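Down below is the structure, laid out as structure tokens.
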Amino acid sequence: PAAVTRWQAPVQRDFAARMDWCVKPPRAANHPPKVVLNGDRTPAVRYLDAAPGQRLRLSALGSADPDGDTLTYRWEIF
């Protein structure tokens, strides 16, 4: 369905990286970033309550890539 189409490419890239972990040395495989959102380092989904029109401040300060790759950010609101 079209509702999941936008996630297809990221899911495939994640799967390919996980397969690399099985056959490549650790330094040759890509690893997921260590994400920090507003100081929270847990992998849990974050929910923010806001009133209509209220501004939210989102910070990824402290996030890092264990492979040393540059991180880029895109915030999406659902």
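The values are calculated or read from the model by the stated rules, or taken from the named source; none is laboratory data. Just so we're clear, the structure is a prediction, and the values are computed from it rather than from any experiment. Note that we place each Cβ from the backbone using ideal geometry, even for glycine, and neighbour counts take in every protein chain shown.
Per-structure values
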{"quantity": "One residue from Ala60, Ala3, Ala17 being part of a helix (DSSP H, G or I), modelled with pLDDT of 90 or more and of a type in the set (A, V, I, L, M)", "calculated": "Ala17"}
{"quantity": "Inter-residue pairs, beta-carbon under 9 Å, first surrounded by 10 or more Cβ atoms within 10 Å (Cβ to Cβ) and in segment 1-22, second in a helix (DSSP H, G or I) and modelled with pLDDT of 85 or more, 6+ apart", "calculated": "Asp20/Ala28"}
{"quantity": "Within segment 20-43, considering residues that are more than 18 Å from Asp67 (Cβ to Cβ) and in a strand (DSSP E or B), the one farthest from the chain's Cα centre (by Cα)", "calculated": "Asp40"}
{"quantity": "Residues (touching a Lys or Arg at 6+ places or on another chain (Cβ under 7 Å) and not in a strand (DSSP E or B)) located in segment 63-78", "calculated": "Ser63, Pro66"}
